[in-house]
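The next block holds one structure in the form of structure tokens; read it before the comments.
None of the figures in this text is laboratory data; all of them are computed from the coordinates on show. Predicted model only: the values in this text are computed from it and were never measured. So basically every Cβ, Gly included, is an ideal-geometry build from the backbone, and we count neighbours across all protein chains shown.
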Amino acid sequence: MKICSANKNNSMYPKVSIITITYNSELYLEQTIQSIINQTYQCKEYIIIDGASTDSTLSIIKKYEDKIDKWVSEPDNGIADAMNKGLALAMGDFVIFLHSDDYFVDDNVLSVAASHLTNGYEVFFFSISLSNNGEKRLAKPRGFNWWLNLKTGVFHQSVICARTLFERIGDFDTGFRIAMDYDFFLRAYRARVKTKKIDLPLSVMRLCGVSSQLDWPSLRERFREEHLVHIKNCPLIWQRPLYYMYSLVYKFYRYCKSLS
């Protein structure tokens, strides 16, 4: 473990890499950056991966570049590709992705969260605040259990992973446009990684990203990718018809719900 320093009790602080993926993110990016650079936890590095934005995103990044450890702005092949670029630059013991629609709940939360980052665990689940048009509700992750085989119950904005986990099971699959985090966590679950749940709200997620859209065309695309995740990670051929039936039933249920 890379140690930044010791506190007065001689306990050590692990280094946390915070990675933000952006593209034409002028609306909310500044709040994201401020929530990260204002953290009282000092043993961190901040990385921004921008997909060659054409709005004022670069001006915002340059405004704070003395507080940002590493940043790049270049075309990419989607969110998963950008996340993998961030991972390649990360030097911390632990990694969290906090994108340009997200922000930490307060300036001290990373210090509290880091106190739970103990050796022997590879994934740490925290609670998350979901923000929809200014209204917020707290959501607690289901974590890793049997239900993950069918549907994710994990928000990556409130998950801190050991960087060694990516080295062990691989990075994000660039074949997915939306469900790359579900695929990653399902692989981690199947690899039987050791996890820990912490009852602490870590971040706020605005429900405005590509994976949060509730119109039927967006939902249909998301369900299609989730089904591809199922097939990709299906351990036994005979399970594929079960996944197919689940996909049909769940899509029909959500379609009816979208009409109500």
Legend entry - Three-way shape label, the stretch 69-184, alpha-carbon gyration tensor, a/c 1.5: rounded
Inset, instruction - Please identify the longest segment of the chain free of exposed trypsin sites (Lys or Arg not before Pro), where exposed means a DSSP state other than H, G, I, E or B and no more than 16 other Cβ atoms within 10 Å. - result: 68-141
Legend entry - For a label point 7 Å along the Cα-to-beta-carbon line of Val112, residues of the stretch 158-172 with backbone N under 17 Å: 158-160
Inset, instruction - List the DSSP H helices in the chain whose Cα atoms stretch 18 Å or more along the helix axis and whose mean Kyte-Doolittle hydropathy is at least -1.0. - result: 240-259
Legend entry - Estimated inter-spin distance, Leu89 and Gln34, nm [label 7 Å along Cα→Cβ]: 2.3
Inset, instruction - Please give the FRET efficiency for Asn24 paired with Asp66, using the beta carbon to beta carbon distance and R0 = 25 Å, rounded to the nearest 0.05. - result: 0.60
Inset, instruction - Provide the percentage of antiparallel DSSP beta bridges, counting only those with both residues in the chain; round to the nearest 5. - result: 40
Inset, instruction - Give me the lysines in straight-line cross-link reach of Lys15: C-alpha distance below 21 Å, same-chain residues under 8 apart excluded. - result: Lys2, Lys44, Lys67, Lys70, Lys85, Lys194, Lys196, Lys197
